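First comes the structure, then the notes that go with it.
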Amino acid sequence: MGIPLSVYGERRVVLLRWRRARHGDPHLNYPDVDNRATRAPELAPVVGIQAGEEAVVRLERRAIDPNAELHVVSSDKGKVDVVLPADGKVPSGPHADIRLSGVSGGNPNEVKLEVRFGSATGPIVSILIVRCFSRRRVVMTPHLVTIAGPTGAGGIASTANVAAIMSHVRAIWRHCGVDFTINATVNDTLNFASPGVVSDTPFPGEVATLLSTNWVPNSINAYFVQRIGAGGTLGYGFSRPSSVTFALPNPGIILADRAGPAVHDTAWAGNDLAHEAGHFFQLWHPNNQQPPTEREDTWSRRMLMHNFNTQPIMSNWKDDNGYGAIGGSARRGALVTHKDIPAIATDRECTTARNAIVAGPY
Ligand SMILES: [Zn+2]
């Protein structure tokens, strides 16, 4: 098969592409694929899978015939095996979803998933690096907070759908082998200055009291309240170091149901909670850049650790991070990066987070 092509300098021909096998909310079995960049040291895209679990990834045919015979082959079936297609032969068509099994985990156990042309031993036309992670457990304690006025009257409870929000957090982190165990929800009742509101002015206001209410050690405490202050704050995250910086009694995360006209829906709150957990695991915003110089590239906007959840509109294809939209604004993605791209100081986030979880406390 010949390909007539003029090449001056370098030209890259992408026969096949790997990507997340669904659009919209994160899912336990549908990991995002770190397909940023194609240069050394990590030439191929990378995906993570937790040992003992299955993951589905999508193989797209680009510059190759939709009927070309292709086979997917694991370089080490003892670590990661192909479940579907059972015989490894890729179905015809513009794309096919490949189901993998994490057979044996490490930190990580890495295999090459090879796409071979013509037969299972034919030439390799694409590679996906699959990292199979041993399970690292993190415990989270949700608090559903009812805030009454000073006399105990007029209590207003958060209406957050805690179970659904927690399932988003679990789905986002599973692909780094980080397995969230969710404690039973603690119901807290507090008397503050205004029903339903935890005041944060002057800082820390009532935040300090909240973070010392029924706080459960050896877990990440997440407090759901109706509102934080009177402004536009939808959430706070205080990791252990930042709780010391701000002279707070404990680390913890606070999420509000609403701020002004903004309603923190499940996908938004779940993504925010997973992002704040990332800060607990020593992750920072992409390349440590803060507004007004936050990164605006599509890689960064797809990352869980991007500065903003609802994202500035570009009015072009960059507005699709693959996770849907809210109110016309692109949702932040949920990619926790595997690659270590030299120009991005904060990269290789899965490794950083897993190391921080082992080192603890966070
Ligand atoms: Zn942040």
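The values are calculated or read from the model by the stated rules, or taken from the named source; none is laboratory data. None of the values given here were measured: they were computed from a predicted structure. Here Cβ is always computed from backbone atoms with ideal geometry, including for glycine, and neighbour counts include all displayed protein chains. Note: accessible area is taken over every heavy atom of the protein model, side chains too, but ligands, DNA and RNA are not part of it. Shrake-Rupley method; radii C 1.70, N 1.55, O 1.52, S 1.80 Å.
Structure summary
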item: Odd one out for G231 among (1) open to solvent by less than 60 Å² (accessible area, probe 1.4 Å); (2) part of a loop (DSSP other than H, G, I, E, B); (3) more than 16 Å from the ligand (Cβ to nearest atom); (4) modelled with pLDDT of 95 or more; result: (4)
item: Lone unmet requirement of (1) modelled with pLDDT of 95 or more; (2) over 19 Å from F280 (Cα atoms); (3) part of a loop (DSSP other than H, G, I, E, B) for V216; result: (2)
item: Output for the range 299-313, where each listed residue is within 13 Å of the ligand (Cβ to nearest atom), aliphatic (A, V, I, L, M) and part of a loop (DSSP other than H, G, I, E, B); result: L304, M305
item: Pair list, Cβ < 8 Å and 6+ apart or interchain, from the range 265-278 residues that are under 13 Å from A171 (Cα atoms) and more than 12 Å from the ligand (Cβ to nearest atom) to residues that are among the basic types (K, R) and in a helix (DSSP H, G or I); result: none
item: Condition broken by G333, with the remaining ones in (1) on the phi < 0 side of the Ramachandran plot; (2) open to solvent by 30 Å² or more (accessible area, probe 1.4 Å); (3) in a loop (DSSP other than H, G, I, E, B) satisfied; result: (2)
item: Filter result for the condition that a residue is open to solvent by 50 Å² or more (accessible area, probe 1.4 Å) and either within 16 Å of the ligand (Cβ to nearest atom) or without any contact (Cβ under 8 Å) to a residue 40 or more places away in the chain (or both), over N316, N321, N287; result: N316
item: Hits in the range 241-254 (condition: away from the ligand (no atom under 13 Å from the Cβ) and touching a Gly at 6+ places or on another chain (Cβ under 9 Å)); result: S243, P251, G252, I254
item: Residue list for the range 103-124, filter: open to solvent by 40 Å² or more (accessible area, probe 1.4 Å) and either assigned to a strand (DSSP E or B) or of a type in the set (F, W, Y) (or both); result: E110, K112, R116, F117, I124
item: Selection within the range 336-359 - within 16 Å of the ligand (Cβ to nearest atom) and open to solvent by 60 Å² or more (accessible area, probe 1.4 Å); result: A345
item: Near pairs, Cβ below 7 angstrom, 6+ apart or cross-chain, from the range 143-167 (farther than 18 Å from A269 by Cα and open to solvent by 30 Å² or more (accessible area, probe 1.4 Å)) to any residue that is of a type in the set (S, T, N, Q) and assigned to a loop (DSSP other than H, G, I, E, B); result: I156/Q226
